[in-house]
Amino acid sequence: MYKIGVIGERDSVLGFKAVGLDVFPTSKGEEAKHTLHRIAKEDYAIIYITEGLAVQIQKDIDEYKDLKIPAVITIPGKEGSSGAGMDNVRKSVERAVGADILFGGDK
């Protein structure tokens, strides 16, 4: 059975534990990178990562963008959305269909 993991700042991820997700609290990019690669090798189908950490380890996240499993999804942290998550969605859709159908090229 596949699992769902959440990597991010402690205050941002602890609530996910209440709904049964596995949480990996960290505020350090290097630790987030190692955690991402470690749990990607395990039975995690979805890995959420907060935007603040995602921008620090984007190159590592990109290694998984063309794989079906795990899906690495950026979510806002406790400080709110920086727009990085929506930018990743826009890029994924553009890559899939060949055009920016969500925002028409405007950010």
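Bear in mind that the values in this text are calculations on the coordinates, not laboratory data. Just so you know, these numbers come straight off a predicted model, no measurement behind them. Virtual Cβ from ideal backbone geometry, glycine too; neighbours counted across all protein chains shown.
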- Query: What nm value, rounded to one decimal, do you get for the distance between Lys65 and Val19 when each label is placed 7 Å out toward the C-beta?
  - Reply: 2.6
- Taking the Cβ of Ala32 as the centre, find all other residues whose Cβ is under 13 Å away and add up their charges (Lys, Arg: +1; Asp, Glu: -1). 0
- Query: Which far-off residues, 5 or more places away or on another chain, put their amide H under 5 Å from the one on Thr74, with H placed in the peptide plane?
  - Reply: Ile49
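Report the relative contact order of the stretch 1-77, percent, no decimals, based on alpha-carbon pairs under 8 angstrom and at least 6 residues apart.
Details: 130 pairs, mean separation 25.6, N = 77.
That works out to 33 percent.
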